[in-house]
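The values are calculated or read from the model by the stated rules, or taken from the named source; none is laboratory data. These numbers were taken from a predicted model, which means no experiment stands behind them. Glycine gets a Cβ as well: all are built from the backbone with ideal geometry, and neighbour counts include every protein chain shown. To get the accessible areas, we keep the full protein, side chains included, count just its heavy atoms, and leave off ligands, DNA and RNA. Shrake-Rupley method; radii C 1.70, N 1.55, O 1.52, S 1.80 Å.
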Amino acid sequence: LNTRQDVYIDFGDGTSYTGNGTLIPNHVYEAGSYEIKIESDRICLNFTTRNGSNTTYGVPYLKSVQFNGTTEYENIMIGGRGAELNRIICDPQNAPLLLQTKFTRCFMETKLEEIPENLFANCTEAVDFDYCFYGVTTLSAISEKLFYNNQKVTNFENCFARCSSLVSIPENLFRNNPLVTSFNFCFGSCTSLTGIPENLFWNNPEVKRFASCFIFCSSLTGIPEKLFNNSPHVTSFDHCFNSCPPLTCIPENLFWNTPELTDFSSS
């Protein structure tokens, strides 16, 4: 655990650290589950772990993480192979992660059952959620307010892919993200997903790629006819609905407003 800025850290293994802005030495954990508590107004974190001689991303034995106050985080990759994280605690009055702009693989393959709706509320500069919740097989629901304040986001590729317990998508989930250009594999392999809100992408007019967006959604029974009505710049639907066995037909006007479309490969 590499940390900067004034901070108190309870490492969850009986040790703690109080810093004054100097670089804190790496903290080494034995195999097990730990709850780390951090108290600071400004702090930058870079989580890494070591497995023998191999450095791996994520914190496999981290069970819970608490974000408080106006804390600033950078390069958080808490998830990863073997990640045990199942709880995120947020200060409801003052959501954290102020300066974070990229959340690539942030909570990937964790065991989260719930995501605080204000987790990214202060991340007004966020641009990338690629693989953010990829493979979180315990997640069954998403708050429609999750990305409400992230108006500069351009990438949701793989964001909820392989969330096999996810049963529904809030209609307003991406309502305030007008600059998104790619939803590639965003909900791919969400095998419990049965439907798609008609206006899910209504306010995402800059999207260029929906490749594999709903691929392997094996419980999906229908596609709203107006789903892509406001997607005039899409160039690819490659594999978008591939391997969705219950789908027996495609709405006649599904692609009526996609004049720049060039790729239907295996869609």
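Tabulated data for the structure shown
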item	result
The range 210-267: chymotrypsin sites (Phe, Trp or Tyr not before Pro) in DSSP loop, at most 15 other beta carbons within 10 Å	Trp256, Phe264
With every protein chain in place, the range 84-211: carbon and sulfur % of accessible area (1.4 Å)	45 percent
Largest to smallest accessible area among Val153, Val167 [probe 1.4 Å]	Val167, Val153
Theoretical FRET efficiency, 1/(1+(r/R0)^6), r = Cβ-Cβ of Asn230 and Phe264, R0 22 Å, to 0.05	0.70
Net +/- balance of residues flanking Gln151 in space, Cβ distance below 15 Å, scoring K and R +1, D and E -1	0
Net charge over other residues, Cβ less than 11 angstrom from the Cβ of Asn253 (K, R count +1; D, E count -1)	-1
